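Report on the following structure.
Taken together, the values in this text are just the output of simple stated rules run on the coordinates, not laboratory data. Predicted, not measured: the structure shown is a model, and the values here were computed from it. Note that each Cβ is placed from the backbone with ideal geometry, even for glycine, and that neighbours are counted across all protein chains shown.
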């Protein structure tokens, strides 16, 4: 409420893209994922990238603005992978198993990005204080909704094909994404369980949970 | 790093209990749950309780301190309910179903508290800046670990009894709690689904997921 608003007549700043912006996103993802969003100082991200605060502002108005863009990129990444796997496979049961395994096929940076996403997803529900931040928040939130919708319609079609027992597709989407995404709350690379093992464990539980018969959509040999 | 530290020689403040403290916790839970932790102003909580900032400091050093105590209370509540249900029932399969249904038997304030807990659980992993905050964080974090451990040993005993197929108890604990707790990320009272329906849906999925045979530990009539 107290944050200053830009004058409405001001021309929106250009949204620069390119290598520098990607570098800021990667460094911020590392900091947010490793140290937590709240405990990361925006100035430390700038210093690690080697950029001054005026130049940094050109790309992101604030730490929060950068967070929304990271979340948007993460969701866009999931969406692209989901579309690629499901559009190329008319067998929904097999495609679903592929989608689930694919959710664990990640680089260390992508794991950190997922951790940021699940840790801070609540912020997507709360209005931001500046127009530029708010635009980034709304973009990320609608992308998240689009992906949930795509998941829901995909599950509905799979049930229509008889791939597994009929259930409410919206609740099933919540449950399946809730189960799979919960991994990123606790998983840390190099500690306790190798990611391959976690993937096998969770995908098997998810298959059993929704009632995908054994042998359907077996994991492809790498 | 920049936060001021209390001098080491200072006597720790007494930890007051009682009605006023409970009232602050309830009001803060409502604010954090409804508006989000980051977007709640600590001064607004004080105003809603009708307490000055000096008196408020007597109970909680900061918004963050209060958050840790709310999380600790939430976990303590789960723990007490878990212990009560499981200690009175030698049939682990039936007790587990009771525990799962019990996780949805909540007041509106408890639902908000769960939302705060799942939204901010990441903060439990990050060292706090003052000794009083840090003590509250460590208390909440160890309670969370104790509860996970209790859950894990309970599941291990249930598998030992042959209640459902053998799996790694630690990963199974993560998965089961991940599935059940994920509800509080999206559930809002009065919107989309009644909580009873959500409870039936999730408990049935969880039973199927771990392989509890149908008919075991059926929900008791209210």
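Quick notes
- Legend: mean number of C-beta atoms from other chains within 10 angstrom of residue C-beta atoms, peptide A:199-208, equals 4.
- At 7 Å out from Cα toward Cβ: residue B:138 inter-copy label distances (nm, ascending): 4.7
- Sorted from closest to farthest, the other copies place their residue A:84 label points 5.1 nm away, with each point set 7 Å from Cα along Cα→Cβ.
- Per residue of A:114-124, other chain Cβ atoms within 10 Å of the residue Cβ number 3 on average.
- Anisotropy class of region A:110-222 from Cα gyration tensor, a/c 1.5 cut: oblate
- Region B:107-171 shape via C-alpha gyration tensor axes, a/c threshold 1.5: prolate
- Model label sites at residue B:160 and residue A:47, defined 7 Å from Cα along the beta-carbon direction, differ in position by 5.2 nm.
- For the peptides A:27-34, A:79-86, residues were scored by their other Cβ atoms within 10 Å and the scores averaged per peptide; the highest-first order is A:27-34, A:79-86.
- Degrees separating the helix B:19-35 axis from the principal Cα axis of chain B, which is the longest one: 70 degrees
- The Rg/Rh ratio of region A:43-147, with Rg taken over Cα atoms and Rh as the Kirkwood radius over Cα pairs, comes to 1.06.
- In degrees, nearest ten, helix A:169-181 long axis to first principal axis of chain A (Cα): 70 degrees
- The distance linking region B:144-162 with region B:43-80 is 31 Å (Cα centroid to Cα centroid, whole angstrom).
- Normalised by the number of residues in chain B, the average gap of Cα pairs under 8 Å and 6 or more apart makes the relative contact order 25 percent.
- Based on alpha-carbon atoms, the Kirkwood radius and the radius of gyration of region B:12-93 give Rg/Rh equal to 1.12.
- Folded to 0 to 90 degrees: helix A:63-87 orientation relative to chain A principal axis, Cα: 30 degrees
- Convex hull of Cα atoms in the protein assembly as shown, direction-averaged projection (nm²): 24.8 nm²
- Paramagnetic label zone (point 7 Å from Cα along Cα-to-C-beta, residue B:145; backbone N under 18 Å) in region B:156-177: B:170-171, B:173-174
- Candidates B:114, B:89, B:181, ranked by Gaussian network fluctuation over chain B, Cα under 10 Å, top entry: B:89
- Virtual spin-label span in nm between residue A:81 and residue A:108, 7 Å along Cα→Cβ: 1.8 nm
- Projected area averaged over orientations for chain A, convex hull of C-alpha atoms, nm²: 14.3 nm²
- The fewest-to-most ranking of A:118, B:49 by surrounding Cβ atoms within 10 Å reads B:49, A:118.
- Chain B: calculated mean residue ellipticity at 222 nm from DSSP helix runs of at least 4, using -39500 (n - 2.57): -21000 deg cm²/dmol
- For A:181-189, mean number of other protein chain Cβ atoms within 10 Å: 4
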